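Below: one structure, written as structure tokens.
The values are calculated or read from the model by the stated rules, or taken from the named source; none is laboratory data. Here the structure is a predicted model, which means the values were calculated and not measured. Here the Cβ positions follow ideal geometry from the backbone for every residue, glycine too, while neighbour counts run over all protein chains shown. Ligands, DNA and RNA are excluded from the accessible area calculation, which covers all protein heavy atoms including side chains. Shrake-Rupley method; radii C 1.70, N 1.55, O 1.52, S 1.80 Å.
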Amino acid sequence: PPGVRWNKPAGGMFLWVELPGAMSAAYLLPQAVARGVAFVPGAPFYAGSGRPNTLRLSYVTASAAEIESGIAALGATVRAALAEAR
């Protein structure tokens, strides 16, 4: 959805996602799980004060089809939260 940014990892096991504005990844997590996708809120991974609108996605153990399905579900979750916030 508009306003979502992510990095393109050169390796590793996760990619980093930044949600729009003041959206909270911790608030969004139960809604995403209800759609069949989970992620790790990013705030605890900061050395200082964490950014609540960030999250980590693992891509190591998922197939291409699972990744596609998970990203679609996560996108729908973010779009629904954005619509709710309006």
I need the fraction of alpha carbon pairs in the chain separated by more than 21 Å, rounded to a whole percent. 25 percent
Note the full-extension length gain between A26 and I67 as 0.36 nm times their separation in residues minus their Cα-Cα distance, in nm to one decimal. 12.7 nm
Computed FRET value (nearest 0.05) for A83 with V60, which takes r as the C-beta separation and R₀ as 30 Å: 0.40
First select every other residue whose beta carbon is under 13 angstrom from the beta carbon of A38; then total the charges, Lys and Arg +1, Asp and Glu -1. +1
Magnitude of the Cβ-charge dipole (Lys and Arg +1, Asp and Glu -1) of the chain about the Cα centre, nearest 20 debye, reported as 180 debye
For the chain: accessible area per residue (Å², 1.4 Å): 63 Å²
Local electrostatic count, V17, Cβ distance below 9 Å [Lys/Arg +1, Asp/Glu -1]: +1
